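Take a look at the structure set out below.
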Amino acid sequence: MRILVVEDEPGLREGLLDLLRGDGHSVEACADGASAATRGLAEPFDLVLLDLMLPRLDGIEVCRRLRAARPGMPILMLTARGSEDDKVRGLGEGADDYVTKPFGARELLARVRALGRRAPSESVERIDVDGVVMDLAMLFVQRGADKTPLTPREAGMLRWLHKHAGRAVTRAEILEHVWGQRGDLQTRAVDMAIAVLRKKVEKDPAHPKIIVSVKGAGYAWGDGG
């Protein structure tokens, strides 16, 4: 893949470049948010590895600008913060995933590879339900005149839930089959991502009718009724 690394700490930036190049990727780097926004808007990358805390322009704003211009470009956010609010905010602005520093090389590469994969068997490209149109090919949802971008991961979650309508989908399934991670990981990341996705697709996110919760199991596709 062609990857843009955005990290202001020189030692970590060089380490990421070596790691990704050693895994066979073509990598470019930026040391501040303003340069990253300019570079990412100039041409598409297969993946952006984006630090949250950056000089000149923070990672949240960079993510917002890149997602608005290139809705299909995967963004993996790096954060040293432990607050769930920061992670939810990053996901809400369009990040596909996040890794909390310090992280291991194997974990980072696994997430990079997962975001780089596209499942050809997932052929559902458009879903109309409860007054909302979900275009999973062009990565947006539209309700009336309101159009909201989807991340590739969000489109994958919608495909998986729709494909398995009629039964509960576990968090482990989503981790393994959509995110490309181990299903036994103890994480609230799936719940956080679903909360963000509901704000995009549901008429009333507090009372969801499309992505419904199944107590003790996970989530299921609703008919919007």
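The values are calculated or read from the model by the stated rules, or taken from the named source; none is laboratory data. On a predicted model such as this, the values are computed, not experimentally measured, just so you know. In this analysis, Cβ positions are derived from the backbone assuming ideal geometry, glycine residues included, and neighbour counts consider all displayed protein chains.
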Does GLN181 qualify as being under 15 Å from the mean Cα position of the chain (by Cα) and not assigned by TED's automatic domain parsing to the domain that holds GLU93? yes
Do the conditions hold for LYS147, that is, is it in contact (Cβ under 8 Å) with a residue 24 or more places away in the chain and in the same structural domain as GLY131 (by TED's automatic domain parsing)? no
Give me the residue from the range 181-194 that is hydrophobic (A, V, I, L, M, F, W, C), farther than 18 Å from MET134 by Cβ and buried (at least 18 other Cβ atoms within 10 Å of the Cβ) and, out of that set, modelled with the lowest pLDDT. ALA189
ALA42: surrounded by fewer than 17 Cβ atoms within 10 Å (Cβ to Cβ), within 25 Å of PHE140 (Cα to Cα), in contact (Cβ under 8 Å) with a residue 40 or more places away in the chain and aliphatic (A, V, I, L, M), yes or no? no
Run down VAL178, VAL214 and say which single residue is modelled with pLDDT of 90 or more and β-branched (Val, Ile, Thr). VAL214
Whichever residue in the range 133-178 is of a type in the set (A, V, I, L, M) and over 20 Å from SER213 (Cβ atoms) and, among such residues, is farthest from the chain's Cα centre (by Cα): ALA145
Go through (1) surrounded by 16 or more Cβ atoms within 10 Å (Cβ to Cβ); (2) touching a residue at least 60 places away in the same chain (Cβ under 8 Å) and name the single condition MET53 misses. (2)
For the range 155-171, indicate whether the set of residues that are in a strand (DSSP E or B) and surrounded by fewer than 18 Cβ atoms within 10 Å (Cβ to Cβ) is non-empty. yes
Quick one: is ARG65 more than 18 Å from the chain's Cα centre (by Cα) and among the basic types (Lys, Arg)? no
